[in-house]
1. What number comes out for accessible area per residue over the stretch 102-150 if the probe is 1.4 Å? Units Å², please.
2. Please state the Cα pair-distance histogram of the stretch 114-210 with 10 angstrom bins from zero: what percent is in each bin?
3. Any idea what log10 I(q)/I(0) is at q = 0.10, 0.13 Å⁻¹ for the chain, Debye with uniform C-alpha scatterers and no solvent?
4. In terms of modelled amide H atoms, which long-range or inter-chain residues lie less than 5 Å from the amide H of Val4?
5. Throw me the Rg/Rh for the stretch 1-109, computed over C-alpha atoms with Kirkwood Rh, two decimals.
6. With each run of n ≥ 4 DSSP H residues scored as -39500 (n - 2.57), what mean residue ellipticity at 222 nm is computed for the chain after dividing by its residue count and rounding to the nearest 500 deg cm²/dmol?
7. Calculate what fraction, in whole %, of the accessible area of the chain sits on carbon and sulfur atoms when a 1.4 Å probe is rolled over the protein chains.
8. At a probe radius of 1.4 Å, what is the per-residue accessible area of Tyr81, in Å² to the nearest 10?
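The values are calculated or read from the model by the stated rules, or taken from the named source; none is laboratory data. What you are looking at is a predicted structure, and each value in this text was computed from that prediction instead of being measured. Side chains included, ligands, DNA and RNA excluded: accessible areas come from the protein's heavy atoms. Shrake-Rupley method; radii C 1.70, N 1.55, O 1.52, S 1.80 Å.
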Amino acid sequence: MKAVILAAGQGVRLRPLTFSLPKCLVEVRGKSFLQNQLEILEKAGLKECVVVLGYYGDLIVKRFGAQFGSMMLTYVQNKRYYETNNLYSLWMARDEIDDEILLIESDLIFRYELIEGVLKTGHPNIAVTDAFSDGMDGTVVFENNGIINSMVLKANQSKKFDYSYARKTVNIYRFDHNVVSNMLIPNLDKFVQLGRVNEFYESVLADLVTSKKLVLCSHEVGNQPWFEIDNLQDLERAESLFDFLDGSTESQVVKF
């Protein structure tokens, strides 16, 4: 299995911190988002990790080099980061994802136990999800007996959208080799050929789920804390809760 981390974005909503720094190198209590992720992946036993770079990508290479502990790092450059979205970044890594993959977005902070659960699950193709709550934003899914039957991107959620049974995607996915080779990459190709490079890769997944070509299971995080840091308010909350995330206190789990 390879990990794939998407780290090409500009992190506009985290300015001024990201005026001269990639979003994934912003720190919470002295540790960058990417540092946290790499430590967990290496501890989980992964031997290869592909990082898709873009905005100030050279600083990431300079910081981490070609190897992180026992895990080899491969870098892919999305030179069009300023005009594309993460669908294009994932497509740029297509030649490197020739195996089962663990896909992660680089603006997340989580604990080792979350990834441990993902790796131990018996389902080969999963989206990590959490119960939807106020303050969450982004793609949601609806499931039946643990199988996702629809995926709705933020752009398709109207003001009257019913979140009663929705689950929020945590932006961590696991795909087996067959799905990567025969579904994910070919459909990413189609989107890029159509010029749909400024979309989220969830658009591809939503199509595959709706057409029932992909059986995607919902892997619930349970009580494991996770943080998606998009803006300065998110960062402030993460700073105040990172003691718990790091396992040093037993305070209440808060997710956003």
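1. Working: 1870 Å² over 49 residues.
About 38 Å² of surface per residue is accessible.
2. 14, 44, 34, 9
3. One equal scatterer on each Cα of the chain leads to -0.45, -0.81.
4. Distant-sequence amide H within range of Val4: Val50, Leu102, Leu103, Ile104.
5. Details: Rg = 12.9 Å, Rh = 13.8 Å.
My calculation puts Rg/Rh at 0.94.
6. Details: 7 runs with 67 residues, N = 256.
Result for the chain, helices only: -7500 deg cm²/dmol.
7. On the way: 5480 of 11760 Å².
So the carbon and sulfur contribution to the accessible surface is 47 percent.
8. Looks like 60 Å² after rounding.
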